[in-house]
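The values are calculated or read from the model by the stated rules, or taken from the named source; none is laboratory data. Bear in mind that the values here come from a model prediction, so they are computed numbers and not experimental data. Quick reminder, even Gly has a Cβ in these numbers, built from the backbone with ideal geometry, and neighbours come from all protein chains shown.
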């Protein structure tokens, strides 16, 4: 395991490798991001795969805003598999950005891809309606970053979405704050949320819709999942079975 030190107030960053998988750890032993070295643009962790479940409802976003970079798994996947989509990633720690590019093959900035070194909560609060999808994955050794799960943050996230936009949030099902966090998201999005349990007693992915998406036709969603599976290396039909309303 390699430890990368920095002079700022960033959490300790460590990189480990086992069985062909390189992992990023921030502030402790918990794996924040993982990459199979032989397939660097694939999604190795189940919860990251499930976060792409937003494509069941919004398959062609023009702009995806990601709060939290980690090893850049989701950023790379969207960049490589959705060529019409712009990707903006907001990450407060320079050493995380450097490690992601050096060790996890995150691309350099270009016309479709940019990493902004900034506080995620502040960025969302200041930008206005800018994104079709906002993806939030902010943890510090297993705990939610408090500025990324407040009522104010979810309110600002709702306002930062375009008309038919969606918020995608990675939570932990065992988090003692879980009910409170779900209630905050419901409050900000007028109850228009649906969730997906990535793994038993693991990550809970919440999808919140800026506007009422109407009644879901599970049959049509399942058909759409079949089509998505022919185009992308993700188990969309399995995602449908994991969805549940709140």
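The figures follow:
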read-out	value
Filter pass, residue 183 being surrounded by fewer than 22 Cβ atoms within 10 Å (Cβ to Cβ), over 16 Å from the mean Cα position of the chain (by Cα) and over 16 Å from residue 244 (Cα atoms)	no
Test for residue 186: is it over 22 Å from residue 235 (Cβ atoms) and outside any strand (DSSP E or B)	yes
Residue count, segment 159-182 (criterion: in contact (Cβ under 8 Å) with a residue 40 or more places away in the chain and touching a helix residue (DSSP H, G or I) at 6+ places or on another chain (Cβ under 7 Å))	5
Of all residues making up segment 202-227, the number that are free of Cβ contacts under 8 Å to residues at least 60 places away in the same chain, over 16 Å from residue 50 (Cα atoms) and within 19 Å of the chain's Cα centre (by Cα)	1
Yes/no for residue 145 being surrounded by 20 or more Cβ atoms within 10 Å (Cβ to Cβ) and touching a strand residue (DSSP E or B) at 6+ places or on another chain (Cβ under 8 Å)	no
Candidate set: segment 161-180, residues that are surrounded by fewer than 21 Cβ atoms within 10 Å (Cβ to Cβ) and not in a loop (DSSP other than H, G, I, E, B); chosen: the one nearest to the chain's Cα centre (by Cα)	172
Residue ID - farthest from residue 55 (Cα to Cα), chosen from residues in segment 183-201 that are touching a residue at least 60 places away in the same chain (Cβ under 8 Å) and touching a strand residue (DSSP E or B) at 6+ places or on another chain (Cβ under 7 Å)	186
Helices (runs of 4 or more DSSP H) completely within segment 42-112 that count 2 or more residues being in contact with a helix residue (DSSP H, G or I) (Cβ under 7 Å, 6 or more places away or on another chain) and crowded, with 22+ Cβ neighbours inside 10 Å	46-51, 73-81
Extreme residue, farthest from residue 187 (Cα to Cα), among residues of segment 202-246 that are part of a loop (DSSP other than H, G, I, E, B) and touching a strand residue (DSSP E or B) at 6+ places or on another chain (Cβ under 9 Å)	202
Residue 39, sole failed condition from (1) surrounded by fewer than 15 Cβ atoms within 10 Å (Cβ to Cβ); (2) at pLDDT 95 or above; (3) assigned to a strand (DSSP E or B)	(3)
Qualifying residue in segment 114-137 (condition: at pLDDT below 95, crowded, with 20+ Cβ neighbours inside 10 Å and outside any helix (DSSP H, G or I))	yes
Residue check for residue 158: within 25 Å of residue 92 (Cα to Cα), within 18 Å of the chain's Cα centre (by Cα) and either exposed (fewer than 15 other Cβ atoms within 10 Å of the Cβ) or at pLDDT below 90 (or both)	no
